[in-house]
Amino acid sequence: MAGIIHFYSVTDDYGWCSNFSPHPIKVRGKTWPTTEHFFQAQKFENASDQEEIRRANSPMLAARMGRDRKRKLRRDWESVKVAVMREALQAKFSQNEDLARLLQATGDAKLVEHTENDDYWGDGGDGSGSNMLGRLLMELREAAR
């Protein structure tokens, strides 16, 4: 086993793993400032909600807008969110060669989004979370080999 790589903040050594990292992606005919912008916007069916989030001036703002329940969440969100995240990550790592190389350079290390703020996409801070973001990154790394 090649150890564990924790990531969370974009300023960390592995900050490029974060959905807040400043790597624009082209998906579904539009350019999104970060994977976070794309992911959050897909929570809504309403095109104007999506566009507002796409134009948010930071990934943090996009995330806040995506959690705003005054906007109407699409009915199937829980069943499609992993596929949406996978689509975002595939775009990020296929459109940024430097990131694809960095991902491969992690070898067989376990990638873990280490945060108390999220026990679904992250590890919940104590390892009890699902770490879905880390899992999808490892899946992508494996598929690219």
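Does region 9-24 include one or more residues that are touching a Cys at 6+ places or on another chain (Cβ under 9 Å), touching a residue at least 24 places away in the same chain (Cβ under 8 Å) and in the same structural domain as SER130 (by TED's automatic domain parsing)?
no
Looking only at strands (runs of 3 or more DSSP E) that lie completely in region 1-105, which have at least 2 residues being in contact with a helix residue (DSSP H, G or I) (Cβ under 7 Å, 6 or more places away or on another chain)?
Result: 25-27, 30-32.
Could you list, in sequence order, the residues of region 114-139 that are touching a Phe, Trp or Tyr at 6+ places or on another chain (Cβ under 6 Å) and touching a residue at least 12 places away in the same chain (Cβ under 8 Å)?
HIS114, THR115, MET132, LEU133
Test ILE53 against the criterion of being touching a residue at least 60 places away in the same chain (Cβ under 8 Å) and either under 22 Å from TYR120 (Cβ atoms) or not assigned by TED's automatic domain parsing to the domain that holds ASP123 (or both), and give yes or no.
No: the conditions fail for ILE53.
For GLN40, only one of the following conditions fails: (1) under 12 Å from the mean Cα position of the chain (by Cα); (2) closer than 19 Å to TYR14 by Cβ. What is its number?
Going through (1) under 12 Å from the mean Cα position of the chain (by Cα); (2) closer than 19 Å to TYR14 by Cβ one by one, GLN40 breaks only (2).
Give GLY127, GLY122 a once-over and let me know the one that is crowded, with 21+ Cβ neighbours inside 10 Å, out of contact with any Lys or Arg (no Cβ under 7 Å at 6 or more places or on another chain), assigned by TED's automatic domain parsing to the domain that holds ASN19 and small (Gly, Ala, Ser). Write out each step before concluding.
Details: GLY127 fails: crowded, with 21+ Cβ neighbours inside 10 Å.
Testing whether each residue is crowded, with 21+ Cβ neighbours inside 10 Å, out of contact with any Lys or Arg (no Cβ under 7 Å at 6 or more places or on another chain), assigned by TED's automatic domain parsing to the domain that holds ASN19 and small (Gly, Ala, Ser) leaves just GLY122.
Take LEU99 and decide whether it is of a type in the set (A, V, I, L, M, F, W, C) and closer than 22 Å to LYS26 by Cα.
Criteria met by LEU99.
Filtering region 106-145 down to residues that are among the β-branched types (Val, Ile, Thr) and in a loop (DSSP other than H, G, I, E, B), which residue is nearest to THR35 (Cα to Cα)?
Result: THR115.
Look through ALA63, ALA109, ALA83, ALA100 and report the one residue that is within 12 Å of the chain's Cα centre (by Cα) and in contact (Cβ under 8 Å) with a residue 24 or more places away in the chain. Write out each step before concluding.
On the way: ALA109 fails: within 12 Å of the chain's Cα centre (by Cα); ALA83 fails: in contact (Cβ under 8 Å) with a residue 24 or more places away in the chain; ALA100 fails: within 12 Å of the chain's Cα centre (by Cα).
None of the other options fit; the residue is ALA63.
Could you tell me whether any residue of region 41-53 is of a type in the set (S, T, N, Q) and within 20 Å of MET132 (Cβ to Cβ)?
Filtering region 41-53 down to residues of a type in the set (S, T, N, Q) leaves 42, 46, 48, 50.
Remaining after also requiring within 20 Å of MET132 (Cβ to Cβ): 42.
Checked against the condition, which is being of a type in the set (S, T, N, Q) and within 20 Å of MET132 (Cβ to Cβ), region 41-53 yields at least one hit.
The values are calculated or read from the model by the stated rules, or taken from the named source; none is laboratory data. Small disclaimer: the values here were computed from a predicted structure and weren't measured. Please note: Cβ atoms are built from the backbone with ideal geometry, for glycine as well, and neighbour counts cover all protein chains shown.
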